[in-house]
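The structure appears below as structure tokens.
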Amino acid sequence: MNNSSEEIDQGRRGFLGAAAGVASMTLAPGVLLHTIASADPRSERVTDAVRYGMLIDTTRCAEGCTACVTACNQENGLDLQQMPASMDPEKWDRQEARWIRKIKLEDNLTGRVTNLPMMCQHCEHPPCVDVCPTGASFKRSDGIVLVDRHLCIGCRYCMMACPYKARSFIHAEVEEKLTLAPRGKGCVESCNLCVHRRDNGETSTACADACAAQGHHAIIFGDLKNPESTLSKALAAMPSRQIRENLALNTGVRYSGV
Ligand code: SF4
Ligand code: SF4
């Protein structure tokens, strides 16, 4: 990423984090001291010293388990979506925003079935960014691919370009949403690797936590550039691959057992 891109990236990040960066402390009843958090990850520049990614061990991903999907929905407020009263439920099923989907692969020759969660793969060379006419679709220096809701005009070029069907378009008014995951009609959205957690210094994602809580431990999140990270060690220890690796997108999400 060049310098001007980094400056834009940092500006967007500062804007998103500004509201939450103001902390309040009660000194006495009715007396509040407002301080600007100084040692806050949100006030630090996003750098390419890290690249966030995930390894999904499909041999641990259980058939029928959707804990990661549920956790993602709750974390990002997707569970607050309401089907418009006039809409056909089948149409809603096709249009409802999903940041993670559980998919089932079946080998036609052997019949072997593999279950895996599929989400934005956080490509190093993201086609969604290449085709976006407004710059709304962008990649941070730390590898996280995002959509800037202020710039998105809803043209959906990115959805057409994404080989992983990772993005959702919001067709209806969003009545309820979480502050940490602003959403709105006419914008495209997708998995952001729990970017709010990254910017608060947390070291996991909601999906990885939920999978571990179920005892499956199929999702490992971490820094691909740190050879000492749990993610890098797992990638060094077991064979893994990119989905559609023929596209040479160098995805941040890798799968083993496929
Ligand atoms: S998976 Fe799709 S949405 Fe995600 S970075 Fe790659 S092209 Fe973009
Ligand atoms: S829908 Fe939004 S993010 Fe996607 S290409 Fe169009 S402007 Fe860019």
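Structure above, values below:
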{"read-out": "The one condition in (1) closer than 28 Å to GLY64 by Cα; (2) surrounded by 15 or more Cβ atoms within 10 Å (Cβ to Cβ) that LEU249 fails to fulfil", "value": "(1)"}
{"read-out": "Condition broken by VAL188, with the remaining ones in (1) out of contact with any strand residue (DSSP E or B) (no Cβ under 7 Å at 6 or more places or on another chain); (2) within 16 Å of ligand 1 (Cβ to nearest atom); (3) of a type in the set (Val, Ile, Thr) satisfied", "value": "(1)"}
{"read-out": "Residue in segment 67-87 that is in contact (Cβ under 8 Å) with a residue 40 or more places away in the chain and touching a His at 6+ places or on another chain (Cβ under 6 Å) present", "value": "no"}
{"read-out": "Check on ARG149, out of contact with any strand residue (DSSP E or B) (no Cβ under 7 Å at 6 or more places or on another chain) and within 16 Å of ligand 2 (Cβ to nearest atom)", "value": "yes"}
{"read-out": "Positions within segment 209-218 being of a type in the set (A, V, I, L, M, F, W, C) and surrounded by fewer than 23 Cβ atoms within 10 Å (Cβ to Cβ), in sequence order", "value": "ALA210, ALA212, ALA213"}
{"read-out": "Pick from segment 58-82, criterion open to solvent by 80 Å² or more (accessible area, probe 1.4 Å), not hydroxyl-bearing (Ser, Thr, Tyr) and not in a helix (DSSP H, G or I), ranking: nearest to PHE169 (Cα to Cα)", "value": "GLN82"}
{"read-out": "Residue match in segment 208-221 (condition: in contact with a strand residue (DSSP E or B) (Cβ under 8 Å, 6 or more places away or on another chain) and farther than 23 Å from THR114 by Cα)", "value": "no"}
{"read-out": "Qualifying residue in segment 121-131 (condition: within 23 Å of ASN226 (Cα to Cα) and either of a type in the set (D, E, K, R) or open to solvent by 30 Å² or more (accessible area, probe 1.4 Å) (or both))", "value": "yes"}
{"read-out": "Checklist (1) open to solvent by less than 30 Å² (accessible area, probe 1.4 Å); (2) within 12 Å of the chain's Cα centre (by Cα) applied to ALA136, failing item", "value": "(2)"}
{"read-out": "Count - residues of segment 105-146 that are touching a residue at least 12 places away in the same chain (Cβ under 8 Å), away from ligand 2 (no atom under 11 Å from the Cβ) and on the phi > 0 side of the Ramachandran plot", "value": "2"}
{"read-out": "MET119 under 21 Å from ILE219 (Cβ atoms), within 14 Å of ligand 1 (Cβ to nearest atom), in contact with a strand residue (DSSP E or B) (Cβ under 7 Å, 6 or more places away or on another chain) and among the aliphatic types (A, V, I, L, M)", "value": "yes"}
{"read-out": "All positions within segment 164-185 that are exposed (fewer than 15 other Cβ atoms within 10 Å of the Cβ) and within 13 Å of ligand 2 (Cβ to nearest atom)", "value": "GLY184, LYS185"}
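The values are calculated or read from the model by the stated rules, or taken from the named source; none is laboratory data. On a predicted model such as this, the values are computed, not experimentally measured, just so you know. Ideal geometry is used to build each Cβ from the backbone, glycine not excepted, and the neighbour counts take in all protein chains shown. With ligands, DNA and RNA removed, areas are computed over all heavy atoms of the protein, side chains included. Shrake-Rupley method; radii C 1.70, N 1.55, O 1.52, S 1.80 Å.
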